[in-house]
1. Mind giving me the FRET efficiency for His25 and Asp50? R0 is 30 Å, r the Cβ-Cβ distance, nearest 0.05 is fine.
2. Excluding residues on the same chain fewer than 8 positions from Lys23, give the lysines whose Cα lies under 23 Å from its Cα.
3. Would you mind counting up the charge near Leu53? Only other residues with Cβ under 14 Å from its Cβ, with Lys and Arg at +1 and Asp and Glu at -1.
4. In nm, give the distance between the simple-model label positions of Glu33 and Arg17, each being 7 Å from the Cα along the Cα-to-Cβ direction.
5. Tell me, what is the per residue accessible area of the chain in Å², probe radius 1.4 Å?
6. What's the carbon and sulfur percent of the chain's accessible surface, probe 1.4 angstrom, rounded to a whole number?
7. Label the chain by shape, choosing from rounded, prolate and oblate, from the square roots a ≥ b ≥ c of the eigenvalues of the Cα gyration tensor; if a/c is under 1.5 it is rounded, and otherwise prolate applies when a/b is larger than b/c, oblate when it is not.
8. Between Val30, Thr52, Ile2, whose Cα lies farthest towards the positive end of the dipole of the chain when Lys and Arg beta carbons carry +1 and Asp and Glu beta carbons carry -1, centred on the Cα centre?
Amino acid sequence: MIVGYIRASTADQNPARQEEAFKNHGVERVFEEKISGKDMNRPKLRELLDLTL
C-alpha cells in the first residue's frame with residue numbers, strides 16, 4: 001500500500017496540490033493534518049508511523 005502524509009501549518013494553507021499529486025502517483029491512503037511545524041505532537045503522523053513500522 002502506498003501512503004502519504006500532508007501537513008499544512010495554518011488553516012489558510014490549501015493542501016489541494018499535494019492531494020492531487022498523491023492521487024496522480026497512486027497514493028492509496030493519505031494522512032492529513034493542519035498543525036504547526038513547531039508542534040511535535042502530530043497525531044496523524046504518529047498514526048502513519050504506527051501503520052508502517
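1. Working: r = 23 Å, r/R0 = 0.76.
Step by step, r from the Cβ atoms, then E = 0.85.
2. Filter leaves Lys34, Lys44.
3. Details: positive: Arg46; negative: Glu47, Asp50.
My count for the surroundings of Leu53 gives -1.
4. Result for the modelled spin labels: 2.4 nm.
5. Numbers: 4100 Å² over 53 residues.
Heavy-atom accessible area per residue stands at 77 Å².
6. Working: 2070 of 4100 Å².
Within the chain, the accessible surface is 51 percent carbon and sulfur.
7. Note, shape of the chain comes out oblate.
8. Of Val30, Thr52, Ile2, it is Thr52.
The values are calculated or read from the model by the stated rules, or taken from the named source; none is laboratory data. Predicted model, so just to flag it, every value in this text is computed and none were measured. All Cβ positions, even for glycine, are placed from backbone atoms using ideal geometry, and neighbour counts span all protein chains on display. Keep in mind that these areas ignore ligands, DNA and RNA; they rest on the heavy atoms of the full protein, side chains included. Shrake-Rupley method; radii C 1.70, N 1.55, O 1.52, S 1.80 Å.
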